[in-house]
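Reading through the structure tokens given below for one structure.
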């Protein structure tokens, strides 16, 4: 009797394994799921970049006087008057148009001095923030490496208003195929063929908190 029970138990176990094999074959592995998600993440990143570039481009239709003066502003979502701005304000306002407040994120990251009035309006602070929170990309002279919505920082040794600068890559190209950038280097917000005009110090992609 015991031998019969043991034999039946083994048979039942083998049958359960055989029945489970088709289900296991149909179930994707975790690695496969990650591979399937990668194209979706890339597509979402391109869509965000295009939206950020468009938000920056819309600023070119507004009259903005270059004014780097220190001003006390609200927190969160604080801003200087809309008719004032510098290069960093182009970036801050573009992200705000998509619901992302760099004033808060920069302050929380500790990338600046802790002054919520000005930290997010300084190029070097933003460069540190994007390097920590975003994706740092190679600095090259290949126009194809720069996608709409990318953030680019510069060092300008001959700059008369500032030696540092920041811009957003536009969703437009020059006749030679070089992406335009949207920035404010003293004459209001403009879309210009200026990507490689000065020394690039940083190249980043950032789509908000993960």
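Listed from fewest to most Cβ neighbours within 10 Å, the set 88, 135, 164 follows the order 135, 164, 88.
Sorted ascending by nearby beta carbons within 10 Å, beginning with the fewest, 187, 194 become 187, 194.
With a/c under 1.5 counting as rounded, go ahead and sort segment 134-204 into rounded, prolate or oblate using the C-alpha gyration tensor (a ≥ b ≥ c being the square roots of the eigenvalues; past the cut-off, prolate if a/b is larger than b/c, else oblate).
Working: a/c = 1.64, a/b = 1.22, b/c = 1.35.
The shape class here is oblate.
Each label point was placed 7 Å from the Cα along the Cα-to-Cβ direction; for residue 172 and residue 83 their separation is 2.5 nm. Compute the FRET efficiency between residue 197 and residue 142 as 1/(1 + (r/R0)^6), taking r as their Cβ-Cβ distance and R0 = 22 Å, and round to the nearest 0.05. Given R0 = 22 Å and the Cβ-Cβ separation, E is 0.85.
Return 180, 126 ranked ascending by Cβ neighbour count within 10 Å, so the fewest neighbours appear first.
Working: 180 22, 126 27.
Fewest to most other Cβ atoms nearby, the residues stand as 180, 126.
By DSSP, the beta bridges lying fully in segment 43-205 are antiparallel in about 90 percent of cases. Label segment 43-205 by shape, choosing from rounded, prolate and oblate, from the square roots a ≥ b ≥ c of the eigenvalues of the Cα gyration tensor; if a/c is under 1.5 it is rounded, and otherwise prolate applies when a/b is larger than b/c, oblate when it is not. Cα axes put segment 43-205 in the rounded bin.
Let a ≥ b ≥ c be the square roots of the eigenvalues of the Cα gyration tensor of segment 55-108; is it rounded (a/c under 1.5), or, if not, prolate (a/b larger than b/c) or oblate? The shape class here is oblate.
Values in this text are rule-based calculations from the coordinates and carry no lab data. Keep in mind it's a predicted model, so treat the numbers as computed, not measured. Backbone-built Cβ (ideal geometry, glycine too); neighbour counts: all protein chains shown.
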